[in-house]
Amino acid sequence: MSAETPYFSAAVAQVPDSRPAAVHPRCFHCGTLCRAGVFEHNDKAFCCRGCLTVFEILTENGLTDFYKLSDTAGVRINGDATKDQFKFLDEPAVRERLVDFADAKLTRVTFQIPTIHCIACVWLLENLFRLMPGLGQSQVNFPRKEVALSFD
């Protein structure tokens, strides 16, 4: 996400955490202990800017039911994404291998998602259409660890 992305809230404070390890709060999103510092927003603690951003995206789009799925519905992903990490998906040879169906109005692709492991992942993936204009149905096949997406 860029700095222009509206999901970052000005009402967020990063507070250094000097508490003993036994009293560190757990991240509202992923459940990780907030050790180095705490991002606080609406009386909720977040371990990092990423968890806070996901919370804000879900909140702003009416998707807070996500947090009813589990006490720690989010899963922390280690590693940084780069700006061009997925650019290869636009290459014609790659696109040809990924696209299951395409016509003038609709494209359907299926992706392997080997790290999917919980109902929260399924719920979030199947509600992507609420977050992305032009994205249609997304359907998860949990046993096969796949998601099929339709988009304009």
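Whenever a residue of segment 108-127 is under 21 Å from Phe86 (Cβ atoms), its partners that are of a type in the set (Val, Ile, Thr) and surrounded by 17 or more Cβ atoms within 10 Å (Cβ to Cβ), lying with C-beta atoms within less than 6 angstrom and at least six residues away or across chains, give the pairs Phe111/Val147; Ile113/Val147; Leu125/Val140; Leu125/Val147; Glu126/Val140. Scan segment 115-152 for residues that are open to solvent by 70 Å² or more (accessible area, probe 1.4 Å) and of a type in the set (S, T, N, Q) and jot them down. Residues satisfying the conditions are Thr115, Gln137, Gln139.
For segment 95-107, the candidate set comprises residues that are in contact (Cβ under 8 Å) with a residue 24 or more places away in the chain and in a loop (DSSP other than H, G, I, E, B); within that set, the residue that is surrounded by the most Cβ atoms within 10 Å (Cβ to Cβ) is Leu106. Taking the criterion of being assigned to a helix (DSSP H, G or I), modelled with pLDDT under 80 and over 21 Å from Ile119 (Cα atoms), the only residue of segment 39-81 that qualifies is Arg49.
The values are calculated or read from the model by the stated rules, or taken from the named source; none is laboratory data. Predicted, not measured: the structure shown is a model, and the values here were computed from it. Heads up, the Cβs are rebuilt from the backbone with ideal geometry, glycines too, and the neighbour counts pull from every protein chain shown. For the accessible areas, the whole protein counts, side chains as well, though only heavy atoms, and no ligand, DNA or RNA atoms are used. Shrake-Rupley method; radii C 1.70, N 1.55, O 1.52, S 1.80 Å.
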